[in-house]
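Below you'll find the structure, written out as structure tokens, and then a few comments.
The values are calculated or read from the model by the stated rules, or taken from the named source; none is laboratory data. All of these numbers come straight from a predicted model, not from anything done at the bench. Neighbour counts are summed over all protein chains in view; Cβ atoms, including those assigned to glycine, are modelled from backbone coordinates with ideal geometry. Note: accessible area is taken over every heavy atom of the protein model, side chains too, but ligands, DNA and RNA are not part of it. Shrake-Rupley method; radii C 1.70, N 1.55, O 1.52, S 1.80 Å.
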Amino acid sequence: MSIQTIMVVGAGQMGSGIAQVAASAGRTVLWHDLSTQLLDTGVTSIRQQLERRVIKGKLTEVEKAEILSRILPAPVIDEAVQVDLVIEAISENMAWKTALFQKLDGICAPHVILATNTSSLPITEIAAATTRPSQVIGMHFMNPVPVMPLIEIIRGLETSQVVFDAIFQLSQELGKTPVEVQDFPGFVSNRILMPMINEAVFTVYEGVATVDAVDTVMKLGMNHPMGPLELADLIGLDTCLSIMEILHEGFKDSKYRPCPLLRKYVKAGRLGRKSGQGFYTYS
Ligand code: CAA
């Protein structure tokens with residue numbers, strides 16, 4: 001199964017990274033979002049990323065232009081009719097995702113694979129909203145997508161082997177390392193990462209150490225490239241909270257209870273880098 005044309009749905013930071021990586025690997029990308037303004041901002045940000053690579057001598061002007069020419073904003077989702085694969089990267093809201101998958105199921109030809117970049121919602125439940133659960137799969141990219149080499153490939157209960165193999169191979173062709181994971185809350189990445197971030201928030205909440213001290217301990221003591229609170233700001237505090245809630249709900253285990261301070265920041269609109277303030281302030 002050759003996957004050459006991909007629709008990416010969602011023009012947030014994950015959708016933007018996925019569009020960039022797919023176009024850089026020679027794929028034609030139809031990029032859809034309900035907001036044309038977000039799509040325009042996304043294209044501008046990809047252009048800037050590629051320009052930085054040109055300045056560093058890692059990309060030629062011609063290659064940059066070719067990559068950009070393969071990214072086609074698609075304000076109308078019905079253009080999904082012409083693709084081989086759709087990768088959904090919208091907000092982590094089950095009702096929105098199932099509504100989108102139902103819509104795509106009605107638009108796309110029967111052979112089209114529907115992938116979700118969800119970071120923790122059940123693939124099996126998203127798949128059940130369609131008439132093609134064997135062709136629905138999780139394709140969980142890491143942030144920042146152009147830099148991080150991992151993709152978690154999550155099998156829903158009904159995902160077919162043919163679809164799994166096609167997505168595994170595509171991930172390698174995108175220059176990433178795919179890892180097979182079963183469909184349980186948080187998969188592997190967030191089941192391990194988010195409790196660490198949540199615990200870091202608890203250490204600040206309980207006055208054990210300052211934000212800076214917690215991050216310094218983890219960077220210098222554990223050789224993490226970023227401290228957990230700095231990383232939480234990069235991921236988005238709303239996303240971190242939503243994943244903790246999914247783990248808490250999914251396992252019914254109090255060890256996954258979200259820290260009240262995380263909840264408070266999200267309620268205040270301190271969402272991390274994207275809102276200009278989280279545990280740190282961004283200009
Ligand atoms: N987008 C694109 N490229 C970026 C980037 C971004 N946002 N940030 C950095 N880069 C690139 C730089 O351009 C640079 O590229 P070159 O090597 O080609 O020059 C390279 O990454 C290294 O960048 P820097 O030297 O500026 O900075 P760094 O060495 O500190 O690395 C980092 C930055 C890669 C983000 C590093 O700090 C890191 O690995 N942090 C941890 C990230 C992480 O854990 N991500 C997973 C989050 S969890 C998740 O995504 C799952 C989920 O569901 C929540």
Of 38, 34, the only residue that is within 19 Å of the chain's Cα centre (by Cα), open to solvent by 40 Å² or more (accessible area, probe 1.4 Å), more than 16 Å from the ligand (Cβ to nearest atom) and under 28 Å from residue 111 (Cα atoms) is 34
Answer residue from the stretch 200-228, given it is touching a Pro at 6+ places or on another chain (Cβ under 8 Å) and open to solvent by 30 Å² or more (accessible area, probe 1.4 Å) and is nearest to the ligand (Cβ to nearest atom) among those: 219
Filtered residues of the stretch 131-183 (kept if surrounded by 19 or more Cβ atoms within 10 Å (Cβ to Cβ), of a type in the set (Ser, Thr, Tyr) and over 17 Å from the mean Cα position of the chain (by Cα)): 159
Quick one: would you say residue 87 is open to solvent by less than 50 Å² (accessible area, probe 1.4 Å) and either over 19 Å from residue 12 (Cα atoms) or in contact with an Asp or Glu (Cβ under 6 Å, 6 or more places away or on another chain) (or both)? no
Looking for something acidic (Asp, Glu) and exposed (fewer than 13 other Cβ atoms within 10 Å of the Cβ) - is there at least one such residue anywhere in the stretch 242-257? yes
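How many of the residues in the stretch 68-84 are open to solvent by 50 Å² or more (accessible area, probe 1.4 Å) and without any contact (Cβ under 8 Å) to a residue 60 or more places away in the chain?
Count: 8.
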Within the stretch 102-127, which residues are more than 23 Å from residue 179 (Cα to Cα) and either touching a strand residue (DSSP E or B) at 6+ places or on another chain (Cβ under 6 Å) or of a type in the set (Gly, Ala, Ser) (or both)? 104, 106, 109
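For residues in the stretch 41-59 being among the small types (Gly, Ala, Ser) and either near the ligand (Cβ under 10 Å from one of its atoms) or open to solvent by 60 Å² or more (accessible area, probe 1.4 Å) (or both), which is farthest from residue 145 (Cα to Cα)? Can you show your working first?
First, the residues of the stretch 41-59 that are among the small types (Gly, Ala, Ser): 42, 45, 57.
Narrowing further to those that are either near the ligand (Cβ under 10 Å from one of its atoms) or open to solvent by 60 Å² or more (accessible area, probe 1.4 Å) (or both): 45, 57.
Working: 45: 13, 57: 20 Å.
Among those that are among the small types (Gly, Ala, Ser) and either near the ligand (Cβ under 10 Å from one of its atoms) or open to solvent by 60 Å² or more (accessible area, probe 1.4 Å) (or both), it is 57.
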Take the conditions more than 14 Å from the ligand (Cβ to nearest atom), within 22 Å of residue 44 (Cβ to Cβ) and without any contact (Cβ under 8 Å) to a residue 24 or more places away in the chain and apply them to residue 65. Does it pass? yes
